Amino acid sequence: MTAAPDLTKASAVAPSRGVAVGLFLAAFAVGLASIAIVFQHPGATFAGRSSPAAIAWGAAGLSLTAAGVYLSVGARTRRSGAVFLLAAIAWFLGEWNNPTVDLSAVFTVGLLARGLVAPSIAHSLLSYPLGRARSILEGTAVAIGYLAAFVIGPVSALFFAPASHACPLCPTNLLLAADNRGLFDQLNDLGLWLLIGWAAAVIVLAVGRVIRSAPAARQLAGPVLLAGAAYLLLGLASATREAGANFVPAAAVYWLSLGQAIAVVMIALGAAWSWVIRRRTRAQIADLVVELGRSPPRGGLQELLARTLRDPDLTVAYVVDGRDRPVSASGSVVDIPEGRVETPLLRDGKTVAILVHRPGLLDDSGVVDEIVTAARMGLDNERFGAQVRARIEDLRASRARIVATSDAERRRLERDLHDGAQQRLVELSLAIGLSRVHASEDAGLRELIDEAQGRTRRAIDELRNVAHGVYPAVLSSDGLAAAIDALREHTPVPIVLGELPKVRCSPAVESAAYFVVFDLTGPFATLAGVTRAVVKAGHSQGVLALTVSLEGARTLEPELESRLLNLEDRIGALDGGMSVQRDHPDGLIVRAEVPCAS
Amino acid sequence: MRVVIADDAMLLREGTTRLLEDAGVDVLAKVGDAERLLEAVGQDHPDVAIIDIRMPPTFTDEGLIAAEKIRSAHPDVGVLILSQYLESTYALRLVEELPERSGYLLKERVSEIGALVDALKRIVDGECVIDPTIVAKLVRRPRDPDPLAELTDREREVLALIAEGRSNHAISERMFLSPKTVETHISQILGKLGLEGTPDDNRRVLAVLTYLRHA
């Protein structure tokens, strides 16, 4: 589950710079003091045993401090920086319970801070880079570590009298409550075993996290976690020695400590590794910002983000009004394939865009936040564009529906006429015919009946014309070419045919094309001066192209103009286009093009 | 004469039946769709099947399709299509393949009992029958340029009768001309239109209709 990067919210509550500075100064002071102790009383310290040890110890403390300082610079990682500085302090304090120091205060503080090193280092590596543990499990592990340190440190210190521990020359323990060697030993052991078990658990957690991470996160926190796991493993081994178990030979303890120091240096270097990665991503972000400044074309933002975030199938989708599902920049609905994750990008709590990406891509949310902020304007533009296109699409669909409905109405009307009024008239005619048979005697009656029959025939004829004008049967049964051909018997304007399409188009398109010809060659056409009409239609690359030349047409006749406008609407509703050429010597030329499958 | 009638409108079916029976024609079956029509023709073997062009299920050209099926399966059975559509397209579709024993009349023709029975007789005789109204419209169709302008009025009349499928004998009776005169007219007309070489009456119908469609 990744958090939604909010474009407006700044990184959540960072500790102030003051805290970081304070911690740094503390680490600096403690470090200096520890160096002084090591120099003065090298005997009982680890660092004092040899030059390599000193160098390693010093490097470890120094690098923890440096890492802490470096992480404290950025607001987002400041919390982590603070933890690293604490770990540095704990590291340095590790040499303070040196039995040969002069000051009891120093000695006592050393006792208190005795078990603190490992937990604070574990804390710093589990909470890298944001300063928070990733899960409740990890948080609990950190807490248990500190608990163990508490037992080993302050609690057992209450009962530790150096004198009775075969150290008569040790300084006094200022915190001594009661001299109880047995209890001290027990508490010490408890603390140690707690620490050992805890260390094992943290190793598992750290390695587990590395294995489960997405590549981006693994690259970032992997070095820190693995170095930390190594450190804990070595520490665990030497702690078993101290707790009384003999898995590890006595001579190895020195090497274990050396190894631990080196591991700590590696941890700090791992933290610095993120600096390297960040530089690289910063360069990418800079490129991104520059490219965005060049107003990329539609869909270009998606390609850019896909490249920068290194997810080639990344999709940017927008939530627009009038659509339940998000659409891409071009206005078409975005399907979310299996295995991909949606992350909404928020501004002021409203979802502005949705990134569809591979799982784990947005683990490094810091970088993502920056990229997203840089892309803010691009996202706005594209979203606006997507909204507009979605609207246009809606309008198109609505127009097409209107035309389709009107076509359906016409067909229904024609059928109603055919099956209804026209049929009734034929039946009427039949009835009249039947009655005439029985009127063969009466001449007068026959005459009346004949007249009635004549009128009925005329009615049948007229109604047939009306029905044909509403919707011609040949168009439904034989298609556009046949219908235009048949039209020649029904119009007063002579129609000359050029090429006609052999390929069928959708009924809506054929209907529209037919009516272009029909509407322009009715009785009004002769009144407008049309002497003949030349019609040709062809089909190429999925488009039906129709040309009607009205020779002799007087332009700007109101009836003609209003019909042209109506036809243009009809053609337009099917995604087609119509143009009228009025200055041709032949007369008026109307050209219409419609995608065949509309 | 024995016929079957196919029309989805009951009133028309009944009315036509009555008219025909009054005129002495045997109506063997009355059906309402193409499937039953084909069954009836198969069973009863009428002389002519009278078919409404528009029937269920699609109400477009079922009748025409059924007529084609009957003509190929039972060549000795004539078909007479009745249609409210004044479309030479449908008429041509019917006679294109097999002009013999085929007819296309406007539905209202049923009220002229004489015309109906006459058409039936002609079909049984093997002729081709095209409704005069359809032919008239076809002949009168505005043309530019107009090749029919070369014909005299008389010739135009004869042309129309040829297109209706009438035999020379019928034409001579109709126009009160001698058969010889009729023959002369006809060869002149066909010459002017460039349609020589069609001796067969029925082929001649087709040639003229096709010419009139495309000129």
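The values are calculated or read from the model by the stated rules, or taken from the named source; none is laboratory data. Remember, predicted model here, so these are calculated numbers, not experimental data. Methodologically, a virtual Cβ is constructed for each residue, glycine included, from the backbone with ideal geometry; neighbour enumeration extends over all protein chains shown.
Some values worked out for this structure:
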read-out	value
Test: residue in segment A:374-389 that is in contact with an Asp or Glu (Cβ under 8 Å, 6 or more places away or on another chain) and surrounded by 17 or more Cβ atoms within 10 Å (Cβ to Cβ)	yes
Matching option when the condition is in a helix (DSSP H, G or I) and over 34 Å from the mean Cα position of the chain (by Cα), among A:Gly228, A:Gly222, A:Gly259	A:Gly259
Residue that is surrounded by the most Cβ atoms within 10 Å (Cβ to Cβ) [pool: residues in segment B:90-103 that are more than 14 Å from chain A (Cβ to nearest Cβ) and within 26 Å of A:Leu430 (Cα to Cα)]	B:Ser102
Output for segment A:350-374, where each listed residue is modelled with pLDDT under 75 and assigned to a loop (DSSP other than H, G, I, E, B)	A:Gly360, A:Asp364
Test: residue in segment A:475-485 that is of a type in the set (Val, Ile, Thr), within 14 Å of chain B (Cβ to nearest Cβ) and farther than 30 Å from B:Gly15 by Cα	yes
Residue pairs meeting the criteria (Cβ under 8 Å; at least 6 apart or on separate chains; first within 13 Å of another protein chain (Cβ to nearest Cβ), in segment A:441-461; second outside any helix (DSSP H, G or I) and surrounded by 11 or more Cβ atoms within 10 Å (Cβ to Cβ))	A:Ile449/A:Ala439
Residues that are over 16 Å from A:Phe515 (Cα atoms) and in contact with a helix residue (DSSP H, G or I) (Cβ under 8 Å, 6 or more places away or on another chain), drawn from segment A:558-579	A:Asp575
Complete set of residues in segment B:12-40 that are touching a residue at least 40 places away in the same chain (Cβ under 8 Å), more than 10 Å from chain A (Cβ to nearest Cβ) and either part of a loop (DSSP other than H, G, I, E, B) or among the aromatic types (Phe, Trp, Tyr) (or both)	B:Val25
A:Ala508 being closer than 30 Å to B:Leu86 by Cα and in contact with a strand residue (DSSP E or B) (Cβ under 7 Å, 6 or more places away or on another chain)	no
Number of positions in segment A:420-440 that are more than 10 Å from chain B (Cβ to nearest Cβ) and in contact (Cβ under 8 Å) with a residue 24 or more places away in the chain	1
Residue that is away from chain B (no Cβ under 14 Å), part of a helix (DSSP H, G or I) and free of Cβ contacts under 8 Å to residues at least 40 places away in the same chain, where the choices are A:Arg412, A:Arg383, A:Arg389, A:Arg401	A:Arg401
Residues (crowded, with 20+ Cβ neighbours inside 10 Å and away from every other protein chain (no Cβ under 13 Å)) located in segment B:129-154	B:Val129, B:Ile130
Helices (runs of 4 or more DSSP H) within segment A:23-126 that include 2 or more residues surrounded by fewer than 24 Cβ atoms within 10 Å (Cβ to Cβ)	A:51-73, A:78-93, A:104-112
Residue match in segment A:536-547 (condition: at negative phi and within 14 Å of chain B (Cβ to nearest Cβ))	no
Unmet criterion (only one of (1) at pLDDT below 90; (2) under 22 Å from A:His468 (Cβ atoms)) for B:Gly114	(2)
Subset of segment A:462-474 that is part of a helix (DSSP H, G or I) and within 10 Å of chain B (Cβ to nearest Cβ) - its residue that is surrounded by the most Cβ atoms within 10 Å (Cβ to Cβ)	A:Ala473
Extreme residue, modelled with the lowest pLDDT, among residues of segment B:200-215 that are closer than 16 Å to B:Val158 by Cα and not charged (D, E, K, R)	B:Asn202
Answer from B:Glu39, B:Glu21, B:Glu87, B:Glu35 - the residue that is crowded, with 24+ Cβ neighbours inside 10 Å, of a type in the set (Asp, Glu) and either under 28 Å from B:Leu161 (Cα atoms) or at pLDDT 90 or above (or both)	B:Glu87
Residues of segment B:42-65 satisfying the condition of being more than 14 Å from chain A (Cβ to nearest Cβ) and surrounded by 17 or more Cβ atoms within 10 Å (Cβ to Cβ)	B:Pro46, B:Asp47, B:Val48, B:Ala49, B:Ile51
B:Lys107 being under 27 Å from B:Ala73 (Cβ atoms), of a type in the set (Lys, Arg) and more than 12 Å from chain A (Cβ to nearest Cβ)	no
Which numbered condition A:Arg307 fails, given (1) in a helix (DSSP H, G or I); (2) modelled with pLDDT of 70 or more; (3) farther than 15 Å from A:Ala375 by Cβ	(3)
Checking A:Glu441 against (1) at pLDDT below 90; (2) part of a helix (DSSP H, G or I), the condition it does not meet	(2)
